[in-house]
Amino acid sequence: MDLGMDIVRNRASYLLVLPAMIYTFIFGYMTYPYMLVAFQRFNYKKGIFNGEWVGFHNFEFFFRSNKAFTITFNTIFLNVLFIVFGTLTALAISLVLNELRKKLFLKLSQSVMLFPHFISWIVISYVLYAFFSMDMGIINQILNKLGLPSVNWYTEPTVWPVILTLMHVWKGAGMSAVIYLATITGIDDTLYEAAQIDGANRWQMCLRITIPLMMPTVIILTLLSIGKIMYGDFGMIYALVGDNGTLYQTTDIIDTYVFRSLRQVGDPSEAMAVGLFQSAVGFVLVFGTNLLTRKYFRDGALY
């Protein structure tokens, strides 16, 4: 009864959240029964409840592959790089923007840093090629001006974790910085006024007030990112690397591997098995990280 009265009283708020609730229900909770497909030999005619039960046979598709360790390591390693450098860069940007006093320059800076977020990875792949192509790439032209030989970057797998990290940070740090900047604007101004009266400079206020009060938001966003650490950015990797087998050693992730395999095999059961494995590992990582966070930094825990 209380819920019904609350809905009537705040019907505009519930109406705003209704599309998100419907989306979550359809693409979240209604997909749970499809996890059965991971343990079946799926048949489109029989459906998900009448398929032939094969146990953990579909998981062998991934775990018995000679590339299982490499692509799992690449997925985790690249995501760790993205989380660490993406978070640090976004924090630095938000702290710098917070110190700007010219509103026109502040708005211009925010717009410039947000712009890459809305660019397609396909477009970025052509921009990247303009920098790293063998013949006309800007990087090779600079090397040649310095008397150094050209490098075929698209056959050098060791440098691509760095390139992918730079691209990921360049594209996403601006949007993350907006979230952190919103956190900063929510900090009570009286704290800064009291610190200023005590003789603290801007750097000391940043270290003693701003950064500590931002930590709960940073930790919560990091926990959410850790939950997806087994899911690689398929759009980015496939757009920038594609089917370049020379670079698979350091860039091939679970998502791209499964995509290539299903393109040849076409078995949805095997795809669901890998997806369930990714979800299970993500759940364990979020639960474990949240447990440690709740123990040592309770304000930053999700629950």
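The values are calculated or read from the model by the stated rules, or taken from the named source; none is laboratory data. A quick note: this is a predicted structure, and the numbers were derived from the prediction, not measured. Neighbour counts run over all protein chains shown; Cβ positions are idealised from the backbone, glycine included. With ligands, DNA and RNA removed, areas are computed over all heavy atoms of the protein, side chains included. Shrake-Rupley method; radii C 1.70, N 1.55, O 1.52, S 1.80 Å.
Miscellaneous remarks
- On the principal axes of its alpha carbon atoms, region 122-258 extends 60, 42, 23 Å, with the longest extent given first.
- List L106, L97, ordered by accessible area with a 1.4 Å probe, largest first: L106, L97
- Proximity of backbone amide H atoms, modeled 1.01 Å from N, is registered between Q40 and V54 at under 5 Å, excluding neighbours fewer than 5 places apart on the same chain.
- Both radii are taken from the alpha-carbon atoms of region 161-227; with Rh as the Kirkwood radius, Rg/Rh is 1.10.
- Share of carbon and sulfur in the accessible area of region 1-140 stands at 72%, probe radius 1.4 Å.
- Förster-model FRET efficiency, 45 Å R0, N201 and M134, C-beta, rounded to 0.05: 0.35
- Simple Cβ-charge dipole of the chain, Lys/Arg +1 and Asp/Glu -1, about Cα centre, in debye nearest 20: 220 debye
- Note on Y257: accessible area approximately 30 square angstrom, rounded to 10, probe 1.4 Å, nucleic acids and ligands left out.
- Residue among A38, V159, T217 farthest towards the positive dipole end of the chain, charges placed on Cβ: T217
- Accessible surface, the chain, averaged per residue in Å² (probe 1.4 Å): 63 Å²
- Projecting the Cα positions of L97, F61, Y29 onto the charge dipole of region 1-106 (unit charges on Cβ atoms of Lys, Arg, Asp and Glu, taken about the Cα centre) puts L97 furthest along the positive direction.
- When nucleic acids and ligands are ignored and a 1.4 Å probe is applied, L292 ends up with an accessible area of around 110 Å².
- Structural descriptor for region 172-303: relative contact order 29 percent, calculated from alpha carbon pairs under 8 angstrom and at least 6 residues apart.
- Relative contact order %, the chain, counting alpha carbon pairs below 8 Å whose residues are six or more apart: 26 percent
- Of the DSSP H helices in the chain, those with a Cα length along their own long axis of 18 Å or more and a mean Kyte-Doolittle hydropathy reaching 1.6 comprise 68-99, 211-226.
- Segment L100-L3, length gained on full extension (0.36 nm per residue, minus Cα span): 30.4 nm
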